1. Please label the shape of the chain as rounded, prolate or oblate, based on the square roots a ≥ b ≥ c of the eigenvalues of the alpha-carbon gyration tensor (a/c under 1.5 means rounded; beyond that, a/b larger than b/c means prolate, else oblate).
2. Suppose a student asked you for the relative contact order of the chain, using Cα pairs under 8 Å spaced at least 6 residues apart; what percent would you report?
3. How far is it, in nm, from the label point at Ile49 to the one at Val28 when both lie 7 Å from their Cα along the line to the Cβ?
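Bear in mind that the values in this text are calculations on the coordinates, not laboratory data. Values in this document were obtained by computation on a predicted structure and should not be read as measured data. Heads up, the Cβs are rebuilt from the backbone with ideal geometry, glycines too, and the neighbour counts pull from every protein chain shown.
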Amino acid sequence: MLEQYLPFVGLIVFGNIENLVLSSQGVVAGVNPVKLGIVSILCVSMWLIIGTFGTQLLYQYVDFINFIGGFAIFVLGLQAMFKSVRGE
């Protein structure tokens with residue numbers, strides 16, 4: 001069963017790191033941590049459901065999904081770094 005998720009391990013690891021970065025940005029920006037936590041848990045749960053069923057349906061597109069997901073994580077990371085360097 002877990003074999004079908006092995007191609008997505010990179011997205012899982014780096015996606016979770018990116019979620020932590022974005023959450024920390026929200027806390028630094030002064031967002032209510034309780035609301036931020038609730039929204040974060042809802043988003044992670046939603047992606048878990050989408051990822052579970054999407055993996056079963058679209059397994060043949062694993063390379064494309066990994067590229068798009070990795071690119072999105074990279075862009076979000078760059079955006080976070082630029083904002084932190086500029087002090088926003």
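1. Working: a/c = 3.27, a/b = 1.67, b/c = 1.96.
Verdict is oblate for the chain.
2. Details: 24 pairs, mean separation 46.6, N = 88.
That works out to 53 percent.
3. 3.2
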